[in-house]
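S.K.: Next up is a structure, given as structure tokens.
The values are calculated or read from the model by the stated rules, or taken from the named source; none is laboratory data. Treat the numbers as computed from the prediction; the structure is a model and nothing was measured. Ideal geometry is used to build each Cβ from the backbone, glycine not excepted, and the neighbour counts take in all protein chains shown. Remember, those area values only see protein heavy atoms, side chains included, never the ligands or the DNA or RNA. Shrake-Rupley method; radii C 1.70, N 1.55, O 1.52, S 1.80 Å.
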Amino acid sequence: MAHEIFYNDHKFKFNLHHAWEELKNDQKWCALASSKLDGTQSPSVKKRRCEDGGEEASSQATTNGDHPTKRPLGVKAAKGAGGKRTLVDQLGVSDFQGMWSIKEKDLVAKERLKKMGLLESLISKKEPLSQFEEALKEKLIT
């Protein structure tokens, strides 16, 4: 049906069906189509300022009831923000460093317990120790 309407309006067949299927639900194009249908965008003014004055109207995506949803970051903006760390990321890093220091202390304690258990088994042996076991015992004592 839509293809017939397009053909009647433009006098040629719509041949970008695949692109339309990919983009029909994209937030950017949904906002553009809804603003054109509402008649809020005049052809002479390509960009409008929002009520807060900080962002352009094209940066607002679709409206769900009374509150609009933000469009996702573009490729360049995402790449530019990649080098910057947010406060949340820094808190995550500090939490990770704290956990790592606790883990290191835990590993040191486990290693010491392992050595003490080995030393205890060497001391409790009743038969004479071999040369290797005697060297290991002396190393563990110091």
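S.K.: Quick one: in segment 21-43, which of the residues that are at pLDDT 70 or above and loosely packed, with under 12 Cβ neighbours inside 10 Å is farthest from Pro72 (Cα to Cα)?
M.R.: So, considering only residues that are at pLDDT 70 or above and loosely packed, with under 12 Cβ neighbours inside 10 Å, the one farthest from Pro72 (Cα to Cα) is Glu21.
S.K.: Out of all the residues in segment 84-142, which are open to solvent by 70 Å² or more (accessible area, probe 1.4 Å) and not in a helix (DSSP H, G or I)? Before the answer, list the steps.
M.R.: Residues of segment 84-142 that are open to solvent by 70 Å² or more (accessible area, probe 1.4 Å), as a first pass: 84-91, 95-97, 99-100, 102-105, 107-108, 110-116, 118, 120, 123-128, 131-132, 134, 138-139, 141-142.
Within segment 84-142, Lys84, Arg85, Thr86, Ser124, Lys125, Lys126, Glu127, Pro128, Thr142 meet the criteria.
S.K.: Looking at (1) more than 20 Å from the chain's Cα centre (by Cα); (2) modelled with pLDDT under 75, find the lone condition where Arg85 falls short.
M.R.: The one condition Arg85 does not meet is (1).
S.K.: Return the pair list, or none, for Cβ contacts closer than 7 Å from residues in segment 5-17 that are part of a helix (DSSP H, G or I) and open to solvent by less than 100 Å² (accessible area, probe 1.4 Å) to residues that are at pLDDT 85 or above and not charged (D, E, K, R), at least 6 apart or on different chains.
M.R.: Note: no pairs meet the criteria.
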